[in-house]
Amino acid sequence: MTNKIWSNSGDSHFIEPENLWQENLPKKYADLMPRSERDADGEYETVHVDGQTFRRKLPNPKMVEFQEMSGAAPGHSDVSKRLPDLDQEGIWAEVVFPSLGMWNAMFRTREAVKAAMQVSNDWAKAEIADRSPRLLPTAQVSMVDIGDAIEELERAANLGFRSVFMPTQPPHTLPDYNRDEWEPFWAAAEAANMVLAFHIGTDPLDLAAGDAPGFVYRGPGGAVLNYTETTFSGQRATMKMVASGALDRHPDLKVLISEGGATWVPFLGDRMNEGYRQHAMMTFPKLSRSPKEILFSQVYASFQHDETAVPAVSAMGYNNVMWGSDYPHMEGTFGHTQETLHHLFDGVDEKVVHRITIGAFEELFPGTPPVPVSA
């Protein structure tokens, strides 16, 4: 590894101040914001979100593996420390997802979430986007009311945001993404040139039905099963956007599925083409392009470690593959980014490497500052 491979990143996260919403909202809304309480022994925590409560088990902080894999990235909540981290790792520009904002699909009080999203976006502009053109935070919008979501999306676009964070499934109080009620939102996003940035594992919990965060399976293999399960949510969101005709009707609308791998896109294209062709008498709406063509032209996918993502470009013809670091999460590459990039790309055609590390990102987010030659 004598030479550094530089890459843009299609996936990262920033930890906002814990009291961001509490200090910037009226008390009647602040009291509804997410907060957690740890048990005395540190084994479990109780999380409160807008009148809803659930408990979850915490990783054992005494485990050496956990200590090494979590909290090690100095720039997780400080831009002044984050940029040196990125320079060291060989990461140039990056899409930045929220942390507190990941809860937005669990809110139920319309005015509270509307106000909270405004606070988050104003803060992200001032403390992330304005600090460096290399950092592209995703805007946050209400998942309680589609009209409110459109209003905040348009306000965020005027603030300079390039993408909007979307949970992979809306809460059960809203129609699913394949329904016509979302059509005004898709049109607004296309008109504002805002990328729909879906992050895997963000399906809202139905606490009344007994859902628990991160737990679909229990018992032998549960950790691997649950981790793998999170990848499917991005695929389902993509299928809805394609099969419903949303992307076909809005050919300039782009979708990013972060942290979910890439080889599923060619497979999904083949499978959807087969369904659209073999069940033509039952398919509605009719599309002007094949599902696979829509997928390949409008959907981008980011990965961090997957060796199979490279042949998705070089052998399967799917060019919208982007590498992502998932900084600073424990599933990410912080501390071994160069090792990971060299493992993935040493010996690979330079055009393929450039497409995955730089080109697809710059295509999705035109105007991104180029990597300096001296870097």
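Within the stretch 114-127, residues that are under 13 Å from residue 24 (Cα atoms) have Cβ atoms under 9 Å from residues that are of a type in the set (Lys, Arg) and part of a helix (DSSP H, G or I) in these pairs: 118/155; 121/155, counting only partners at least 6 apart in sequence or on another chain. Looking at 109, 168, just one residue is surrounded by fewer than 18 Cβ atoms within 10 Å (Cβ to Cβ) and over 30 Å from residue 371 (Cα atoms), and that residue is 109.
For the stretch 342-362, the set of residues classified as under 12 Å from residue 8 (Cβ atoms), of a type outside the set (Ser, Thr, Tyr) and in contact (Cβ under 8 Å) with a residue 40 or more places away in the chain consists of 355, 356, 358, 360, 361, 362, listed by residue number. Here the condition is being of a type in the set (D, E, K, R), modelled with pLDDT of 95 or more, buried (at least 16 other Cβ atoms within 10 Å of the Cβ) and within 26 Å of residue 30 (Cβ to Cβ); of 130, 145, it holds for 145 alone. Inspect the stretch 193-202 for any residue being farther than 19 Å from residue 138 by Cβ and modelled with pLDDT under 95 and give the result as yes or no. No, because not a single residue in the stretch 193-202 is farther than 19 Å from residue 138 by Cβ and modelled with pLDDT under 95.
Considering the stretch 24-92, the qualifying helices (runs of 4 or more DSSP H), each wholly inside and each with 1 or more residues that are at pLDDT below 85 and either surrounded by fewer than 17 Cβ atoms within 10 Å (Cβ to Cβ) or touching a helix residue (DSSP H, G or I) at 6+ places or on another chain (Cβ under 8 Å) (or both), run over 64-69. For the stretch 240-274, the tally of residues that are surrounded by fewer than 15 Cβ atoms within 10 Å (Cβ to Cβ) and more than 27 Å from residue 12 (Cβ to Cβ) stands at 4.
May I ask you to say which residue of 304, 338, 298 is farther than 22 Å from residue 200 by Cα, in contact (Cβ under 8 Å) with a residue 40 or more places away in the chain and either surrounded by 16 or more Cβ atoms within 10 Å (Cβ to Cβ) or among the polar types (S, T, N, Q) (or both)?
338
The values are calculated or read from the model by the stated rules, or taken from the named source; none is laboratory data. All figures in this text were calculated on a predicted structure; none of them were measured in a lab. Don't worry about glycine lacking a Cβ; one is built from the backbone with ideal geometry, like all the others, and counts go over all protein chains shown.
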